Amino acid sequence: MIWCVLMIGILLPQSSAHPGFFTSIGQMTDLIHTEKDLVTSLKDYIKAEEDKLEQIKKWAEKLDRLTNTATKDPEGFVGHPVNAFKLMKRLNTEWSELENLVLKDMSDGFISNLTIQRQYFPNDEDQVGAAKALFRLQDTYNLDTDTISKGNLPGVQHKSFLTAEDCFELGKVAYTEADYYHTELWMEQALMQLEEGEVSAVDKVSVLDYLSYAVYQQGDLDKALLLTKKLLELDPEHQRANGNLRYFEYIMTKEKDTNKSASDGQSDQKTTPRKKGIAVDYLPERQKYEMLCRGEGIKMTPRRQKKLFCRYHDGNRNPKFILAPAKQEDEWDKPRIIRFHDIISDAEIETVKDLAKPRLSRATVHDPETGKLTTAQYRVSKSAWLAGYEDPVVSRINMRIQDLTGLDVSTAEELQVANYGVGGQYEPHFDFARKDEPDAFRELGTGNRIATWLFYMSDVSAGGATVFPEVGASVWPKKGTAVFWYNLFASGEGDYSTRHAACPVLVGNKWVSNKWLHERGQEFRRPCTLSELE
């Protein structure tokens, strides 16, 4: 029964069909135009209402003057036959017309437009996804809630801020997910803004209700008790808070009576805030991954740095690149990661994006157990596949990859175009199939992914790096460039140092396109070696 008192029964509404707007910034721009159209429709409605009220106002002013005159000498006024006729006419027909005008609904056009547009609105899952993206950015880039709330993010062009109500809603999303770490952070931010005098529909009592419970769930009983008392100062009759207060005092008394020293040790352990789920995190390299996303922990020594060069590359005397060789830069030595500069034009990028936008759908990953494609929380983006026969630009891009890498693209996968969403990311993964995933690419019949070619089709204001946690490498997006690396050694064995990730996009819009080249067709282009690690 005591535990029931502690529960806060506020949940988000059930989601309907999921458009997945939060997984693609490119598609979210359509919502801006939708909202602009609704604002225009709303202003038209306001103008219609104002015109209607203006007509009523003029009619009222005219009758006010008339009745003032008539009431001074009623008999003399209606003694005039014209006044008598007009009085009959007004009361019989004109007041009915006024009644119809007052009852006329001017909102039909706006409501009709809103009803049509609503089918394209984001749903609960989009709102929750966008909230979780803020939590992800907060953790990855070590941002405090006040920095995010004030919109002080690097590279922003359109500064925005969060109200106390916004912070409260973020805290509620975290609470619903049983993420009490972020619940505490955002409820504290909401409380701070309220205490600074911000006018809001949210009150301190509601914030403290969530905050005290979140703190309790993380083991800080002293702070939970303090917050509960603060709540009761504002609302002494608060039923749940009174029940919690008695329960907290009971637990504290019991701990003191049992073993004070042990109680102190448990208290020390419990008062340390921790992220929900960190103990069972399936990503052992998360700390390295997040550091690399921030530009920290890069393991490139000056001695190794001296061996990295820039050069002109003619694709092994390929006729297309003899007179205009490609600009090549070494990004990393082991694994060897090469960046090609100015390798895709702005016009080609726009063509690829225009082809992909209508087909963008939630990006999928290979399920190692089933071998089938499925969506995953650790990959937040939308993607589309483009075949070479669909457009000359795509065909030309494919041939350029073949000419510069010397690998046959006829057995490669189609060009995958990806646009990342709010805090869009793809956590550490391998592009190639490991030995425990024998069915990953069986349907293709072209062997494993021998190499990856990655085009950067946009600049990113902040975040969005491609990082390799195993070796401590970070590669930053630059529009018009591409990076290339081999996933397999020449022996066909997987190179586990190529495990990589797409860091969350902090500010901006990230567009990339991938070309995964497969083993079949490369037998004479990249011959096998006798050593497994060569």
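Here the condition is being surrounded by 11 or more Cβ atoms within 10 Å (Cβ to Cβ) and not in a helix (DSSP H, G or I); of 134, 143, it holds for 143 alone. Residue count for segment 286-336 satisfying the condition of being aliphatic (A, V, I, L, M), open to solvent by 100 Å² or more (accessible area, probe 1.4 Å) and outside the structural domain of residue 426 (by the TED database): 0. Screening residue 105 on (1) open to solvent by less than 90 Å² (accessible area, probe 1.4 Å); (2) free of Cβ contacts under 8 Å to residues at least 24 places away in the same chain; (3) acidic (Asp, Glu); (4) outside any loop (DSSP other than H, G, I, E, B) shows it passes everything except condition (4). Scanning segment 153-197 for residues that are open to solvent by 50 Å² or more (accessible area, probe 1.4 Å), of a type outside the set (Phe, Trp, Tyr) and in a loop (DSSP other than H, G, I, E, B) yields a total of 9.
The residue pairs whose first member lies in segment 45-64 and is basic (Lys, Arg), whose second member is not in a helix (DSSP H, G or I), and whose beta carbons are closer than 7 Å, counting only pairs six or more residues apart or on different chains, are 52/104; 52/106.
The values are calculated or read from the model by the stated rules, or taken from the named source; none is laboratory data. Values in this document were obtained by computation on a predicted structure and should not be read as measured data. Glycine gets a Cβ as well: all are built from the backbone with ideal geometry, and neighbour counts include every protein chain shown. Note: areas computed on protein heavy atoms with side chains; ligands, DNA, RNA excluded. Shrake-Rupley method; radii C 1.70, N 1.55, O 1.52, S 1.80 Å.
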